[in-house]
Amino acid sequence: MKVESIKTIYAQNLEKIKFDNELAKVRTSFFLDHQRLSYASILELISEIFDEWAKGMDYENDNFVSAPRDSYSKLQKMYYKTNLYLDEECALLIVLLQEAIIHSMPYDVNDEKVLDQDRCRAAFDRFQFFFERGVFLFREKIGLNSTANSMNDIAILGGIILINRYHFSEIELPHKGVFSIRRHSVKELVKIGNIHIQELINELRKFKTYLERDPQYEVFFNSAYLELVIYLKVLDK
């Protein structure tokens, strides 16, 4: 093959590589721009829900309310709209916010008179905590520096809530030890979780192993299993 032909092929390949690199940059830029817009939209919606919910919370007189009626559906629509740009940690944050909303609701959704005041307060405190940590989490996701260990705190509180939600007597759930949610505030639970981090990891591992014993459990309790996987990925490093 002549030298000129080799140079031509080399030049063509080089141009193709340059083109592919430029295209990759454009695609990455497009994705990141839409990701930032998605994060901003999510935080704006969460802030609106929080502000509206906070208006009905009267801490001085111990009078608390459930989340705004349409808050769950709004978050769900936002999740479907932005799901393409969410990684598993950001998606989990939305799930935890939705769970807090559900926790505040009366057993009979048509009867606000049967509101459980303690549940409403606990749910609001959880929502506020996840919202505040979520701001830092999204900042970290778009490359902004943050001194807050946001996902670690989210995983600790989420994990503690999880081992208190389900009833499996074989593995002593719900938890009745140091992580019992009835005894402590949200901030206290996170502090306790940090102090007893290895014990929390062990509890989460035990729950995960239990669900893995029976393939049907992984199906029936899929959301719990997925949460466990993420919590252990974050905490068990």
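A count restricted to segment 138-164 and to residues that are of a type outside the set (S, T, N, Q) and at pLDDT 90 or above stands at 13. Taken as a whole, segment 197-220 holds no residue that is surrounded by 14 or more Cβ atoms within 10 Å (Cβ to Cβ) and outside any helix (DSSP H, G or I).
Among the residues of segment 35-85, those that are outside any helix (DSSP H, G or I) and polar (S, T, N, Q) comprise Asn61, Asn63, Ser66. With respect to the conditions (1) in a helix (DSSP H, G or I); (2) surrounded by 15 or more Cβ atoms within 10 Å (Cβ to Cβ); (3) at pLDDT below 95, Val178 falls short on a single one, namely (1). With the structure loaded, tell me whether Asp87 is modelled with pLDDT under 90 and farther than 19 Å from Leu162 by Cβ or whether it fails that test. No, not satisfied.
Any residue at all in segment 105-118 that is of a type in the set (Phe, Trp, Tyr) and at pLDDT 90 or above? Full working, then the answer.
First pass over segment 105-118, keeping only residues of a type in the set (Phe, Trp, Tyr): 107.
Cutting the leftovers down to at pLDDT 90 or above gives us none.
Scanning segment 105-118 turns up no residue that is of a type in the set (Phe, Trp, Tyr) and at pLDDT 90 or above.
For segment 141-173, a tally of residues being buried (at least 16 other Cβ atoms within 10 Å of the Cβ) and either touching a helix residue (DSSP H, G or I) at 6+ places or on another chain (Cβ under 7 Å) or touching a residue at least 24 places away in the same chain (Cβ under 8 Å) (or both) returns 16. Please verify whether Leu226 is in contact with a helix residue (DSSP H, G or I) (Cβ under 9 Å, 6 or more places away or on another chain), within 25 Å of Ala123 (Cα to Cα) and crowded, with 18+ Cβ neighbours inside 10 Å, treating the condition exactly as stated. It is false that Leu226 is in contact with a helix residue (DSSP H, G or I) (Cβ under 9 Å, 6 or more places away or on another chain), within 25 Å of Ala123 (Cα to Cα) and crowded, with 18+ Cβ neighbours inside 10 Å.
Apart from one condition, Ala123 fits all of (1) part of a helix (DSSP H, G or I); (2) within 19 Å of Glu88 (Cα to Cα); the exception is (2).
Yes or no, residue by residue, for (1) surrounded by 12 or more Cβ atoms within 10 Å (Cβ to Cβ); (2) under 24 Å from Ser223 (Cα atoms); (3) in contact with a Ser or Thr (Cβ under 8 Å, 6 or more places away or on another chain); (4) not basic (Lys, Arg):
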{"position": "Met57", "(1), (2), (3), (4)": "yes, no, no, yes"}
{"position": "Met78", "(1), (2), (3), (4)": "yes, yes, yes, yes"}
{"position": "Leu92", "(1), (2), (3), (4)": "yes, yes, no, yes"}
{"position": "Leu96", "(1), (2), (3), (4)": "yes, yes, no, yes"}
{"position": "His103", "(1), (2), (3), (4)": "yes, yes, no, yes"}
{"position": "Asp118", "(1), (2), (3), (4)": "no, no, no, yes"}
{"position": "Ala123", "(1), (2), (3), (4)": "yes, yes, yes, yes"}
{"position": "Arg133", "(1), (2), (3), (4)": "yes, yes, yes, no"}
{"position": "Arg139", "(1), (2), (3), (4)": "yes, no, yes, no"}
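For segment 181-196, enumerate the residues that are of a type outside the set (A, V, I, L, M, F, W, C) and assigned to a helix (DSSP H, G or I). Listed by number, the residues that qualify are Lys187, Glu188, Lys191, Gly193, Asn194. Does segment 153-175 hold any residues that are part of a helix (DSSP H, G or I) and either under 18 Å from Gly134 (Cα atoms) or hydrophobic (A, V, I, L, M, F, W, C) (or both), and which are they? Once the filter is applied, which keeps residues that are part of a helix (DSSP H, G or I) and either under 18 Å from Gly134 (Cα atoms) or hydrophobic (A, V, I, L, M, F, W, C) (or both), segment 153-175 yields Asp153, Ile154, Ala155, Ile156, Leu157, Gly158, Gly159, Ile160, Ile161, Leu162, Ile163, Ile171.
Just to be sure before I move on: is Leu189 over 21 Å from Phe131 (Cα atoms), of a type in the set (A, V, I, L, M, F, W, C) and either surrounded by 19 or more Cβ atoms within 10 Å (Cβ to Cβ) or at pLDDT 90 or above (or both) in the structure I sent?
Details: over 21 Å from Phe131 (Cα atoms): no; of a type in the set (A, V, I, L, M, F, W, C): yes; either surrounded by 19 or more Cβ atoms within 10 Å (Cβ to Cβ) or at pLDDT 90 or above (or both): yes.
It is false that Leu189 is over 21 Å from Phe131 (Cα atoms), of a type in the set (A, V, I, L, M, F, W, C) and either surrounded by 19 or more Cβ atoms within 10 Å (Cβ to Cβ) or at pLDDT 90 or above (or both).
The values are calculated or read from the model by the stated rules, or taken from the named source; none is laboratory data. All figures in this text were calculated on a predicted structure; none of them were measured in a lab. Here the Cβ is made from the backbone with ideal geometry for all residues, glycine too, and neighbour counts use every protein chain on show.
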